[in-house]
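To keep things clear, I will list the structure first and then write my remarks on it.
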Amino acid sequence: MMDEGMKNSFAIYRLPGESCCTLMTQAEASCALRSAVELSGRSGFVLAPFAVSEHTPLLLIEPEQTETLPVDQLTALHSHLCVTTLPSSSSDEQSQSRYAIDFANFHAQLMEGHFQKLVLARNAFVEMPVKEPLDLFKKACHLYPQAFVALVSTPTSGTWLMATPEILLEGKGQQWRTMALAGTMEARRPETSPIGGDGRGAWSMKNIQEQQYVATYIMQCLERFASDIHEEGPTTVQAANVMHLRSDFRFSLPDAGTVGALIHQLHPTPAVCGLPKAEAQDFILHNEAADRLYYSGFCGPLNREGESHLYVSLRCMQLLADGYRLYAGGGLLPESQMQQEWNETEAKMEAMRQLIR
């Protein structure tokens, strides 16, 4: 099944709360775009990197075939999909000591006032025989019913699996929504509640401020393109084994031709990058120890039957020839502490570790 000689691309995804999944297949390599602005008027399945480059282009699968089927019937597809698995490279491996060096560098920038916030990401390679990708996808759907679950494979990107809770942009017609999702603590109870609503609102000021940065940025982006904007929250929500603070935004988008430009403005949000945005992204690209590739980018169906569901690529891993590379990150503010931030990335990686055990 895993044949690097084939040039086809596919994406299979399950929307939150759904029992069926959708498969999109393209016989040739996916289309490479230079910017999210080019997505306006296009349709298909998008796989975008943290930062577009020659090495990591923005990919659009324009399917020749699309089918919807129950998640439990995926076994029938095993012999029909060709998964691209790239070789691994241990040179990108990040130990805790390597992470500590990155943290010290990032934190110094915050203490000196160069940035309001920076997001520091890392990865971990797990060497082991790779399981059947569709079985991993199916397991993710069952373990994380309220996540957007996607398995994407192209000759350019290799194969990625994610179970992400964060909407970048979704909607149809003129009615759209997005969210500000930031702040993290380990889950205690599965309910959703306002901050302070039941005693679980014991969020640190660091987490509250971090989430507010994201919410403020998103509102500023929406004011340029949208009308009738409504913000709700923040509330406490659970995603796998961790909890986050979330604010929801619903709005009208009068001009469908601005969808690509709005995506370009939103991504990367301060939830995965930092503030100020352009300077933070440039600093990350030049100072983070390992390349994020398609982690903390975004993915999802675009303009499929008039609807779009684009999600930030979190809680994800890349399937390689001899194992898995897991990715996670966390937002840093001046009051951040290294060990706490490392522990947060470990907790976030647990979502994917549960799948490969």
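Nothing in this text is a laboratory measurement; each read-out follows from the coordinates by a stated rule. Worth saying up front: this structure is predicted, and the values here are computed from it rather than measured. No Cβ is skipped: glycine too gets one built from the backbone with ideal geometry, and neighbour counts run over all protein chains shown.
Computed quantities for the displayed model
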{"quantity": "Cα gyration tensor shape for segment 220-357, rounded if a/c is under 1.5, else prolate or oblate", "calculated": "prolate"}
{"quantity": "Separation of alpha-carbon centers, segment 239-275 and segment 165-187, rounded to whole Å", "calculated": "6"}
{"quantity": "Sequence ranges 252-259, 46-53, ranked by mean other-Cβ count within 10 angstrom, highest first", "calculated": "46-53, 252-259"}
{"quantity": "For segment 150-160, Karplus couplings with θ = phi - 60° (6.51, -1.76, 1.60), whole Hz, Gly/Pro x", "calculated": "9, 10, 10, 9, 9, x, 7, 8, x, 10, 10"}
{"quantity": "Cα-based reach from K206 at 21 Å (exclusive), listing lysines while leaving out same-chain residues under 8 positions away", "calculated": "K117, K277, K348"}
{"quantity": "Lys/Arg +1, Asp/Glu -1 at C-beta; the chain dipole; positive extreme among A100, Q212, P129", "calculated": "Q212"}
{"quantity": "Mean Cβ neighbour count within 10 Å, used as a protection proxy, ranking 61-74, 260-273, 117-130 highest first", "calculated": "260-273, 117-130, 61-74"}
{"quantity": "Euclidean distance between Cα centres, segment 108-123 to segment 136-160, Å", "calculated": "30"}
{"quantity": "Residues whose placed amide H lies under 5 Å from that of A187, excluding near-sequence neighbours", "calculated": "V242, M243"}
{"quantity": "Length-normalised contact order of the chain in % [C-alpha pairs under 8 Å, at least 6 apart]", "calculated": "26"}
{"quantity": "Simple Cβ-charge dipole of segment 9-356, Lys/Arg +1 and Asp/Glu -1, about Cα centre, in debye nearest 20", "calculated": "340"}
{"quantity": "Global form of segment 264-320, assessed from the alpha-carbon gyration tensor, a/c cut-off 1.5", "calculated": "oblate"}
{"quantity": "Selection from Q73, L314, H142, by position along the positive dipole direction of the chain (Cβ)", "calculated": "H142"}
{"quantity": "Mean-position separation - Cα centroids, segment 300-347 and segment 212-228, in angstrom", "calculated": "22"}
